[in-house]
Amino acid sequence: MTAAADPAALPLETVSPVPHAAGDILDYSVRGTMSQSIVGKNPYGGSIHQVGAPTDVLGHERIAIKVVSARGLSLHRTGSIMATFRGRSSPAQPGSGWTLVKPDGSVADRKGSTLGGLFLLPLGFLENRTVDGGNPLHAGDRWNAKLGMALYGMVAQPMLHFEVTGLQSVGGISVVVLTATGTAPVKEPIVTNDDVALGTATGVSHVSLRCDYDPVAQRVVDMLIEVSDELRITAHGRGAVVRDNQHYVVALDGSVEHDPPPVTATTPHAAGTTPPR
């Protein structure tokens, strides 16, 4: 990508975005912690009070922008992820696939993609009209928008209330600090630690987000997202409460790189979708 004037010393209003181009490369690292507790009564009348050991995840991803068109950004993504549970780490699991980021910021996990979930978090900010509709950003700006994807158990994308809470420099880059809170409906199957299926829990998930957004390169530099919910489940006349907590951190590794543009004809256009975790 052609370097723009260093925005670190410039007022935000004078900074011009540099649109993404075919051949741009971004590298992100991701890490997160997911935990769940179940309290209440099981279908047989016994008490449930289980707090599962948290699962830690660590991954890395390389995002290559292959095609820029009216349909959005076509991305080829490669990476790996490793999970640690009760002190044991699984082997790093590689993944790859094609993803489309639509002009409204929604993320379509497409055919062949195995990098879902928290890997999708920064992608919805890549399109040039997805942060307050592409309007110039100022401290105090507020708007409502959906997060680009639904996370595990969500049956719809979270609707978030965004706010520009400040400007700061990260690694010599002037970034806009965005915060957001909102909710999404949740429906997920619940199984106890003893592999007893309790049924399906429903409720509302609460989402909070903070990210540093580079308005020149039009991408997230880093992001913190917290998800919590209290779901209710009823089976055979017995009720239980399921509490979920998820914590994710996403960070850009290094600067945006540039590769020669690919041959457009080789890009697959089948759009199968895979629900992200």
Give me the one-decimal nm value for the distance between modelled label points at Asp27 and Val39, 7 Å along each residue's Cα-to-Cβ direction. 4.4 nm
A chain fully extended from Val51 to His161 at 0.36 nm per residue, minus the present Cα-Cα distance, gains in nm 36.5 nm
Segments 84-92, 203-211 sorted - mean Cβ within 10 Å per residue, highest first: 203-211, 84-92
Between Thr200 and Ala70, what length in nm is gained on full extension when 0.36 nm per residue of separation is reduced by their alpha carbon distance? 42.9 nm
Just want the answer: with Cβ charges of +1 for Lys and Arg and -1 for Asp and Glu, which residue in Gly166, His20, Ser69 is farthest toward the dipole's positive end in region 16-266? Ser69
Listing Asp195, Asp104 by rising number of other beta-carbon atoms within 10 angstrom, fewest first, gives Asp195, Asp104
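Go ahead and run the numbers for FRET between Glu230 and Ser16, Cβ-Cβ distance against an R0 of 35 Å, rounding to 0.05.
For R0 = 35 Å, the calculated efficiency reads 0.20.
So, with +1 on the Cβ of K and R and -1 on the Cβ of D and E, and no other charges, what is the size of the charge dipole of region 105-169 about its Cα centre, to the nearest 20 debye?
Values: 5 positive and 5 negative charges, 46 e Å.
My answer is approximately 220 debye.
FYI, it's all coordinate maths here, none of it is from the lab. This is a predicted model, so every value here is computed, not measured. In this analysis, Cβ positions are derived from the backbone assuming ideal geometry, glycine residues included, and neighbour counts consider all displayed protein chains.
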